[in-house]
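The values are calculated or read from the model by the stated rules, or taken from the named source; none is laboratory data. Values in this document were obtained by computation on a predicted structure and should not be read as measured data. Cβ placement follows ideal geometry from the backbone for every residue including glycine, while neighbour counts extend to all protein chains displayed.
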Amino acid sequence: MMPLHWGKAPAWLFQRMVKLCRAVTEIVVTDYGPMELLRRFSDPVWFQSFGCVLGFDWHSSGVTTTVCGALKEAVKGQEENLGLYVCGGKGGASRKTPAEITGFSERFSLDGDVLVKASRLSAKVDSAALQDGFQIYQHVFIGTTQGSWAVVQQGMNTDTRWARRYHWLSEGLESFISEPHEGIACDHVGKPLNMVASEADIARQAVTAISQRLPDVTVKEFERVRALAMPEQHPVGLGDVSPKYLQKALVGTYEKPPQDFSALLLQPGVGPKTIRALALIAEVTHGAPLSFRDPVTYTFAVGGKDGWPYPVDRNAYDRSVAFLEKGIREAKLGNKDRLDALRRLDSWSRAVGAGEVRSQMSDERCKTSEERRREDEIRSEKLESRAQNCSSPHPSPSRGEEERSAGEETAGGERKAVGG
């Protein structure tokens, strides 16, 4: 889904992406409100489709950083009109997120402390509580002037050369530390230490209680646990955790005991190593069961027509494509830009609609040049027809059509995880 690619989008492409992103954003906000844009960006399927529409490689890690960068640039200066603001970014820009949130909070009379905490905690969960081997390097916080928010962040694994994208949404979020994600997109599935799994509640409580004790007591337990011959297949390793490091981190938690696991994550000096050490102590010494379930919910390249290893959620794909197609048709763009965007969307929808991208690519190689040329001509005719219809007003649907549309949406149900 997202092999790790280096580099950045060329300036000419990024400028066009910003233009198209602004146009579609205006349509979504005008028709559905700013909250709907947050819902869309927290949907991995829609996000991936949107990245393809903007013109970036759908199977590249760069789609996340580039789409989020284009959105930030598109919204800049239009925050009041759109009811939206975007903070953060890639690398050094991500560390400016708290200051940017504070600035917009003062500007729109929002509770900045609550929003900054949401940003920090979402980043800390995906770096320390969910230890899946992907280091967070991009964090974008999208907020509304009414106080709602969404987070899109990405981690990379330089050893496997894969990237993983994490989606958060304030709407419906019941807990930051128990199944908090709206979706996680990656084809690489492993056995991470998952301290935010619903089944890890006892472990979270145990880890929090252990962090409140005298540091000397915990460090002695840690040394005994580290000396044990753990099974080779055990996912938690302590080889990179030193007693001196753990002692320093625990002094802070002892002097200012955290009330719960989320407060522990936000403690200065508490990172992945500390959480990993405390989790293993909780399991070995106190019998608290850990979770190693990978919470990945969305994959794209490996969903097969036979449903293995992940079924393709065609309803989710169809809704995303239809929604974006409507936005492109109504956006204030030239016919060529519309046609190019529709062509990219058509290419993406055909790829995922085939069930498996790799299988489709193999089938394409078997086609003759004449067959491919004829298919391209047919697609071009359809796309040109769509683009020509963009400038003409669309008739309002009849009541019967509206009822059928509503029935189809109900039949489609809520968004389902491709891998869930």
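Being in contact (Cβ under 8 Å) with a residue 60 or more places away in the chain, within 21 Å of residue 204 (Cα to Cα), of a type in the set (Gly, Ala, Ser) and in contact with a helix residue (DSSP H, G or I) (Cβ under 8 Å, 6 or more places away or on another chain): is that true of residue 178 here?
In short, no.
Hey, does region 250-260 have a residue that's under 19 Å from residue 120 (Cα atoms), crowded, with 21+ Cβ neighbours inside 10 Å and outside the structural domain of residue 132 (by TED's automatic domain parsing)?
yes
Can you name every residue in region 237-293 that is under 15 Å from residue 214 (Cβ atoms) and without any contact (Cβ under 8 Å) to a residue 40 or more places away in the chain?
243, 246, 247, 248, 249, 250, 251, 252, 255, 256
Residue 75 fails exactly one of the following numbered conditions: (1) in contact (Cβ under 8 Å) with a residue 60 or more places away in the chain; (2) in contact with a Phe, Trp or Tyr (Cβ under 7 Å, 6 or more places away or on another chain); (3) over 15 Å from residue 166 (Cα atoms). What is the number of that condition?
(1)
Can you tell me which residues in region 30-47 are under 17 Å from the mean Cα position of the chain (by Cα), touching a residue at least 60 places away in the same chain (Cβ under 8 Å) and farther than 13 Å from residue 182 by Cβ?
35, 37 - these are the residues of region 30-47 that are under 17 Å from the mean Cα position of the chain (by Cα), touching a residue at least 60 places away in the same chain (Cβ under 8 Å) and farther than 13 Å from residue 182 by Cβ.
Hey, among the residues in region 259-280 that are more than 20 Å from residue 222 (Cα to Cα) and of a type outside the set (S, T, N, Q), which one's modelled with the lowest pLDDT?
The extreme case among them is 268.
Every residue in region 167-205 that is within 21 Å of residue 138 (Cα to Cα), of a type in the set (Gly, Ala, Ser) and either modelled with pLDDT under 95 or surrounded by 23 or more Cβ atoms within 10 Å (Cβ to Cβ) (or both), please.
If the condition is that a residue be within 21 Å of residue 138 (Cα to Cα), of a type in the set (Gly, Ala, Ser) and either modelled with pLDDT under 95 or surrounded by 23 or more Cβ atoms within 10 Å (Cβ to Cβ) (or both), then 183, 185 are the ones that fit.
Here is a yes/no grid of residues against (1) in the same structural domain as residue 65 (by TED's automatic domain parsing); (2) over 27 Å from the mean Cα position of the chain (by Cα); (3) of a type in the set (S, T, N, Q); (4) under 17 Å from residue 291 (Cα atoms):
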| residue | (1), (2), (3), (4) |
| --- | --- |
| 165 | yes, no, no, no |
| 170 | yes, no, yes, no |
| 178 | yes, no, yes, yes |
| 182 | yes, no, no, no |
| 206 | no, yes, no, yes |
| 217 | no, yes, no, no |
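Taking the conditions exactly as written (in contact with a Pro (Cβ under 9 Å, 6 or more places away or on another chain), modelled with pLDDT of 95 or more and not aromatic (Phe, Trp, Tyr)), does residue 246 satisfy them or not?
no
Please work out which one of (1) of a type in the set (D, E, K, R); (2) outside any loop (DSSP other than H, G, I, E, B); (3) surrounded by fewer than 18 Cβ atoms within 10 Å (Cβ to Cβ); (4) touching a residue at least 60 places away in the same chain (Cβ under 8 Å) is the condition residue 164 fails and give its number.
(3)
What about residue 266, is it crowded, with 21+ Cβ neighbours inside 10 Å and not assigned by TED's automatic domain parsing to the domain that holds residue 180?
No, not satisfied.
Looking only at region 101-153, how many residues end up being in contact (Cβ under 8 Å) with a residue 40 or more places away in the chain and part of a helix (DSSP H, G or I)?
Total satisfying the criteria: 12.
Surrounded by 19 or more Cβ atoms within 10 Å (Cβ to Cβ) and either assigned by TED's automatic domain parsing to the domain that holds residue 275 or farther than 30 Å from residue 188 by Cβ (or both): which single residue out of 130, 84, 71 fits that description?
84
Look through region 39-60, keep the residues that are outside any helix (DSSP H, G or I) and over 19 Å from residue 148 (Cβ atoms), and return whichever of them is modelled with the lowest pLDDT.
Checked region 39-60; the qualifying residue modelled with the lowest pLDDT is 58.
Does region 145-161 hold any residues that are surrounded by fewer than 22 Cβ atoms within 10 Å (Cβ to Cβ) and farther than 17 Å from residue 66 by Cβ, and which are they?
Those that are surrounded by fewer than 22 Cβ atoms within 10 Å (Cβ to Cβ) and farther than 17 Å from residue 66 by Cβ: 145, 146, 147, 148, 157, 158, 159, 160, 161.
In this structure, is residue 301 out of contact with any strand residue (DSSP E or B) (no Cβ under 9 Å at 6 or more places or on another chain), outside the structural domain of residue 212 (by TED's automatic domain parsing) and either surrounded by fewer than 21 Cβ atoms within 10 Å (Cβ to Cβ) or at pLDDT below 95 (or both)?
Yes, satisfied.
Are any residues in region 181-215 in contact (Cβ under 8 Å) with a residue 12 or more places away in the chain, in a helix (DSSP H, G or I) and closer than 22 Å to residue 245 by Cβ, and if so, which ones?
203, 204, 206, 207, 208, 210, 211, 215
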